[in-house]
Amino acid sequence: MALMTGDQFVESIRKMNMKIYMFGEKVENPVDNPILRPSLNSVKATYDLAQMPEYEDLMTVTSSITGEKINRFCHIHQSTEDLVKKVKMQRLCGQKTASCFQRCVGMDAFNSEYSTTYEIDKAHGTNYHQNFLNYMKFVQENDLTVDGAMTDPKGDRSLSPSNQADPDMYLRVVERRPDGVVVRGAKAHQTGICNSQEVIVMPTIALSPEDKDYAISFAVPVDAEGIIMIIGRQSCDTRKLEGSSIDVGNSEFGGVEALTIFEDVFVPNDRIFLNGETEFAGMLVERFAGYHRQSYGGCKVGVGDVLIGAAALAADYNGAQKASHVKDKLIEMTHLNETLYSSGIACSAEGHKTESGNYIIDLLLANVCKQNVTRFPYEIARLAEDIAGGLMVTAPSEKDLRDPEIGPYIEKYLKGINAVSTENRLKILRLIENLTLGTAAVGYRTESMHGAGSPQAQRIMISRQGNINGKKELAKAIAKITE
Ligand code: SF4
Ligand code: FE
């Protein structure tokens, strides 16, 4: 089944036997859970959109491995055009879900594993690239969603993995067997893992030789024995239990993160992509981070499009749309959003072929892209809140609006222009609240800061890639300095 429908995807998740905990209880039916379901719907959208003829060119592609038509989220990029289309696809998915649709981490893990395993094999005569190719074939043939797990809890940041008071603060191999390895540790902030069939685990930092047991990368099903997910809280998450689609702002879609525990999980040999070759951990991290920093130049821009539209509607609905400062704020929001998109497209267009044959982004530009993402969505959100006005955070609930006694007061006094219902005005304000302060704020605001690496991580890469010495030579040549 090279392309699954959205409904088939949901049913495939239903069949899994994941250990998920939320609010101190095991979630027996995550698929129909009102807090988790919107995030599943966002991943489902990546399947639904791939079925629509108008999005075929962005959402699907011919596989370089199987020759079949596959979802682009499972693709190994074959050109800079593929890299550009990836960003455009992510913008589309952001526009359609107004949330994190979660499937990109797997795509970014595929492409970084593809090139890194090739280079490890070349240096060490190992068999990781073939392992990975077999795995990719399985993923593409079954149109799977795969979580990419990188972030270890890290404990004391001043100490290396093997020097931590608790050696499990970074995920590691605790037992080596003839048929595989046993791993223990945790991965924090796992976006979408409970909506995935599989997880690819990677190290989180460059490693030195004494950290050999931490240089491990592999793939396992998310319901493998020993994997436990603990769902993270989001602002306003329990509103989803109240049954009001107006009050949640975005009733259909959302994102979800989980602290994921690997309690002595067995990994068979053919699912291992790195095992002890410490000098390649940094390459894998750098490439995965680079691809995911490119991704943010697509997904956050798509969500930004929805937020800009919502702010413009809020102004329309209270008659402020012609005020020059409102127009100017919308221009500024658009300028910032398109600047993010520009760097997402630029790092893709400037990509290049790796030794293995797949394409990678320009790392400097991808890091610049993500560095901009740590700032601009905050300003876009600030301007949206400015245009929305205070009612965005003081509006009464849908229940009050529906109440026969007090509802008419809300209808009357919270009305904006005559042509628009109070209900529609409140819907738009709740959407802005959801994107800037509610459940989607995880994906739009704070994930913009920390997802794909916190700002300082990009600044380190920018300093490494920025070629200051080359620039000094340029200045010397112009100034006619010859020493
Ligand atoms: Fe995809 Fe963006 Fe979510 Fe990352 S944050 S998984 S790039 S939607
Ligand atoms: Fe993310």
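Remarks
Yes/no matrix, rows are residues, columns are (1) of a type in the set (A, V, I, L, M, F, W, C); (2) outside the structural domain of L431 (by TED's automatic domain parsing); (3) part of a helix (DSSP H, G or I); (4) at positive phi:
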position	(1), (2), (3), (4)
G243	no, yes, no, yes
I261	yes, yes, no, no
Q294	no, no, yes, no
G297	no, no, yes, no
V301	yes, no, yes, no
I308	yes, no, yes, no
D316	no, no, yes, no
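- With respect to being outside any helix (DSSP H, G or I), within 16 Å of ligand 1 (Cβ to nearest atom), in contact with a Phe, Trp or Tyr (Cβ under 8 Å, 6 or more places away or on another chain) and not polar (S, T, N, Q), K154 falls outside the description.
- A single entry from G389, G438 fulfils the requirement of being within 31 Å of the chain's Cα centre (by Cα) and modelled with pLDDT under 95: G438.
- Candidate set: region 434-445, residues that are part of a helix (DSSP H, G or I) and open to solvent by 20 Å² or more (accessible area, probe 1.4 Å); chosen: the one farthest from I35 (Cα to Cα): R445
- Selection count, region 180-192, where residues are touching an Asp or Glu at 6+ places or on another chain (Cβ under 6 Å) and more than 12 Å from ligand 2 (Cβ to nearest atom): 3
- Check on N29, under 30 Å from R233 (Cα atoms) and surrounded by fewer than 20 Cβ atoms within 10 Å (Cβ to Cβ): yes
- Here the condition is being in contact (Cβ under 8 Å) with a residue 24 or more places away in the chain, buried (at least 18 other Cβ atoms within 10 Å of the Cβ) and more than 30 Å from S421 (Cα to Cα); of G226, G232, G249, G192, it holds for G192 alone.
- Single residue of R445, R425 found to be within 16 Å of ligand 1 (Cβ to nearest atom), touching a residue at least 40 places away in the same chain (Cβ under 8 Å) and among the charged types (D, E, K, R): R445
- Which listed residue is open to solvent by 10 Å² or more (accessible area, probe 1.4 Å), in the same structural domain as P203 (by TED's automatic domain parsing), within 13 Å of ligand 1 (Cβ to nearest atom) and in contact with a helix residue (DSSP H, G or I) (Cβ under 9 Å, 6 or more places away or on another chain), from K96, K85: K96
- Taking (1) of a type in the set (A, V, I, L, M, F, W, C); (2) without any contact (Cβ under 8 Å) to a residue 24 or more places away in the chain; (3) under 15 Å from N250 (Cβ atoms) in turn, L414 satisfies each apart from (3).
- Condition check for F280 on (1) aromatic (F, W, Y); (2) open to solvent by 20 Å² or more (accessible area, probe 1.4 Å); (3) assigned to a strand (DSSP E or B): one failure, at (3).
- From the options A123, A109, residue that is surrounded by fewer than 24 Cβ atoms within 10 Å (Cβ to Cβ) and either assigned by TED's automatic domain parsing to the domain that holds A215 or assigned to a helix (DSSP H, G or I) (or both): A123
- Of all residues in region 18-43, those satisfying the criterion of being touching a helix residue (DSSP H, G or I) at 6+ places or on another chain (Cβ under 7 Å) and part of a loop (DSSP other than H, G, I, E, B) are M18, P34, I35, L36.
- V146 vs. criteria within 13 Å of ligand 2 (Cβ to nearest atom) and in contact (Cβ under 8 Å) with a residue 24 or more places away in the chain: no
- Residue in region 314-324 that is under 20 Å from N367 (Cα atoms), open to solvent by 10 Å² or more (accessible area, probe 1.4 Å) and either within 13 Å of ligand 1 (Cβ to nearest atom) or hydrophobic (A, V, I, L, M, F, W, C) (or both) present: no
- Any hit, region 349-362, residues being open to solvent by less than 40 Å² (accessible area, probe 1.4 Å), in contact (Cβ under 8 Å) with a residue 12 or more places away in the chain and in a helix (DSSP H, G or I): no
- Which numbered condition S448 misses (of (1) surrounded by 15 or more Cβ atoms within 10 Å (Cβ to Cβ); (2) more than 23 Å from G309 (Cβ to Cβ); (3) among the hydroxyl-bearing types (S, T, Y)): (2)
Residue by residue, here is whether (1) over 23 Å from the mean Cα position of the chain (by Cα); (2) of a type in the set (D, E, K, R); (3) within 16 Å of ligand 2 (Cβ to nearest atom) holds:
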| residue | (1), (2), (3) |
| --- | --- |
| Q78 | no, no, no |
| V84 | no, no, no |
| T97 | no, no, yes |
| Y118 | yes, no, no |
| D121 | yes, yes, no |
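- Hey, S343 hydroxyl-bearing (S, T, Y) and surrounded by fewer than 20 Cβ atoms within 10 Å (Cβ to Cβ) or not: no
- Set side by side, the residues S421, S397, S348, S356 differ, and just one is in contact with an Asp or Glu (Cβ under 6 Å, 6 or more places away or on another chain), of a type in the set (G, A, S) and outside the structural domain of S115 (by TED's automatic domain parsing), which is S397.
- Condition met for T422 (open to solvent by less than 50 Å² (accessible area, probe 1.4 Å) and either within 24 Å of Y296 (Cα to Cα) or within 16 Å of ligand 2 (Cβ to nearest atom) (or both)): no
The values are calculated or read from the model by the stated rules, or taken from the named source; none is laboratory data. These figures come from a predicted structure and were not determined experimentally. Using ideal geometry, Cβ is built from the backbone for each residue, glycine included, and neighbour counts are taken over all protein chains shown. Ligands, DNA and RNA are stripped out before the accessible areas are found, and what is left, the full protein with its side chains, is counted by its heavy atoms. Shrake-Rupley method; radii C 1.70, N 1.55, O 1.52, S 1.80 Å.
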